[in-house]
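Take a look at the structure below.
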Amino acid sequence: MQKKKRVTGNNRGFTLIELMVVIVILSILAVYVAPKIMGRPDQAKQVKASVDIQSIETALRLYRLDNGFYPTTEQGLEALVAPPTTGRIPKNFREGGYLERNRVPKDPWGNDYVYLSPGGHGEYDIISYGADGSPGGEGYDADINSWEIE
């Protein structure tokens, strides 16, 4: 009473030609998708600069709530990390400072953020000069300004 198993045509694997077709299709997709993915690092740096500026603005607001005024341009953003020793001295400086990791971040291109108080567009301005590190520019070299961030 031995039963023989019958092999049907549905149990076969992929042929070499089918595998080659899939590889060609994936290769074509990679050629079109890869350039779009490769352009994202520059865009991500612009987004990071905007997020950094927003977190610096939050720290500045907290500084003002505690002390009644913003740091001056001369005191700079360092006044958010350590109490300033020149100009108007804060009386209620928060222990540990106002910025995460107790340091002023650099912009994603490794440059310092520009801080002006009073600013030309509000009580203060914070600027990243973008990829080229100099005022002005277009595309990825464009400035990222605190008064333009939504």
Across 16, 29, 62, the residue with the highest GNM fluctuation in the chain (Cα network, 10 Å cutoff) is 16
Give the carbon-plus-sulfur fraction of the accessible surface of the chain in %, rounded to a whole number; probe 1.4 Å, heavy atoms of protein chains only. 57
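Report the calculated FRET efficiency for residue 100 and residue 18 (r = Cβ-Cβ distance, R0 = 41 Å), to the nearest 0.05.
0.15
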Please give the length that would be gained between residue 33 and residue 55 if that part of the chain were fully extended, namely 0.36 nm times their separation in residues minus their C-alpha to C-alpha distance (nm, one decimal). 4.6 nm
Kindly report, to the nearest 10 Å², the accessible surface of residue 58 as traced by a 1.4 Å probe over protein heavy atoms only. 70
Could you tell me the relative contact order of region 109-150? Use alpha-carbon pairs under 8 Å, at least six residues apart, and round to a whole percent. 31
Go ahead and set up a Gaussian network model of the chain, Cα springs under 10 Å, then flag whichever of 43, 75, 54 fluctuates most. 43
Largest fluctuation, 24, 114, 33 only, Gaussian network model of the chain with Cα springs under 10 angstrom, belongs to 24
Cut-off 18 Å (backbone N to label point 7 Å along Cα→Cβ of residue 48), residues of region 115-144: 127-134, 140-144
Sites matching chymotrypsin sites (Phe, Trp or Tyr not before Pro) across region 65-105 that sit in DSSP coil, with at most 14 neighbouring C-beta atoms within 10 Å: 69
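Taking only protein heavy atoms into account and a 1.4 Å probe, give the accessible area per residue of the chain in Å². Could you put the intermediate results ahead of the total?
On the way: 10830 Å² over 150 residues.
Computed with neighbouring chains in place, this is 72 Å² per residue.
Using a cut-off of 9 Å between beta-carbons, work out the net charge of the residues near residue 107 (Lys and Arg +1, Asp and Glu -1, residue 107 not included).
Combined, the nearby Lys, Arg, Asp and Glu give +1.
The values are calculated or read from the model by the stated rules, or taken from the named source; none is laboratory data. Just so you know, these numbers come straight off a predicted model, no measurement behind them. Because the Cβ atoms are built from the backbone with ideal geometry, glycine has one as well, and the counts that use them run over all protein chains shown. Quick note on the areas: whole protein, heavy atoms, side chains included, nothing else; ligands and nucleic acids left out. Shrake-Rupley method; radii C 1.70, N 1.55, O 1.52, S 1.80 Å.
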